[in-house]
Amino acid sequence: EAGVTQFPSHSVIEKGQTVTLRCDPISGHDNLYWYRRVMGKEIKFLLHFVKESKQDESGMPNNRFLAERTGGTYSTLKVQPAELEDSGVYFCASSQGARNGFSGYTFGSGTRLTVV
Amino acid sequence: AQKITQTQPGMFVQEKEAVTLDCTYDTSDQSYGLFWYKQPSSGEMIFLIYQGSYDEQNATEGRYSLNFQKARKSANLVISASQLGDSAMYFCAMLRNTGTASKLTFGTGTRLQVTL
């Protein structure tokens, strides 16, 4: 079975530009999560989708970040306009059920975003 | 609030020796899960081991074991017979389920270097 796929793997953009990150979860996983690690800090939760619905978006830093999951399949995370402090690694994860954290919580390889 | 503390920013271990990576946590929840992930230089997050808060026995997965001491709120990772390929960042994380939503809280990580 294919794992969680993220692309691009790397993105370098200028401050003020827009970037869209994409995540394809494991097929059949209703739950999709976004996390990010800003340089030197811990990995932090951004939001959680159940199918196409945002279950918890308490970790989204501000309204420059917009996450979507149309049709309940892949998800996109758009940053517009990007700021220097948005640089970091953005991880996506998916799971079969929110209660089944052990067997389903699989991470992608991450997208390394650099804003210059 | 949930909190994970990893007090060892870096650790060295000789090949074939065992090493313990420390993790303490803070939560008021009765039900939670504890994870360890490995992040090699390539960037992906690799699941290593999981311990449920109600599991009475310590989890083991091959060379990995989790020393779970609930009263002390610690969940240390023990790697036996270290290999050069074990050199990586290691993250401890706690899963909190709130109804249908779930999120992981991560520690700041420990960088393990295995030497000859």
For the range B:75-87, Karplus couplings with θ = phi - 60° (6.51, -1.76, 1.60), whole Hz, Gly/Pro x: 9, 6, 9, 10, 10, 9, 6, 4, 10, 4, x, 7, 5
Estimated inter-spin distance, A:N63 and A:Q80, nm [label 7 Å along Cα→Cβ]: 1.4 nm
Whole-Hz ³J(HN,Hα) from phi, Karplus 6.51 cos²θ - 1.76 cosθ + 1.60, for the range A:75-82, glycine and proline x: 10, 10, 10, 9, 10, 8, x, 6
Cα-projected label distance for A:E42 with A:H10, points at 7 Å along beta-carbon direction, nm: 2.9 nm
Cross-link table A:K51/B:K3; A:K78/B:K103; A:K41/B:K70; A:K78/B:K3; A:K41/B:K103; A:K41/B:K73, entries beyond 19 Å C-alpha to C-alpha: A:K51/B:K3; A:K78/B:K103; A:K41/B:K70; A:K78/B:K3; A:K41/B:K73
Peptide-level mean, for A:37-50, of C-beta atoms on other protein chains within 10 Å: 4
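Excluding A:E85 itself, calculate the net charge of residues whose Cβ lies under 12 Å from the Cβ of A:E85, where each Lys or Arg counts +1 and each Asp or Glu counts -1.
Details: positive: A:K15, A:R36, A:K41, A:R64; negative: A:E83, A:D86.
Once positives and negatives cancel, what remains is +2.
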Test item: Cα-centred dipole of the protein assembly as shown, Lys/Arg +1 and Asp/Glu -1 on Cβ, debye: 300 debye
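So if the hydrodynamic radius of chain A is defined as the Kirkwood radius over C-alpha pairs, what does Stokes-Einstein give as its diffusion coefficient at 25 °C and 0.890 mPa s, in µm² per second?
Values: Rh = 14.0 Å.
Reported coefficient: 175 µm²/s.
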Efficiency of FRET between B:Q2 and B:L116 - r from beta-carbon atoms, R0 30 angstrom, step 0.05: 0.20
Longest DSSP-loop-exposure-free segment, GluC sites (Glu not before Pro), chain A, at most 13 other Cβ within 10 Å: A:15-82
Chain B - percent relative contact order, Cα under 8 Å, separation 6 or more: 37 percent
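Values quoted throughout were computed directly from the atomic coordinates according to the rules given, and no laboratory measurement underlies them. Treat the numbers as computed from the prediction; the structure is a model and nothing was measured. With ideal geometry, Cβ positions are generated from the backbone for all residues, glycine too; neighbour counts draw on all protein chains shown.
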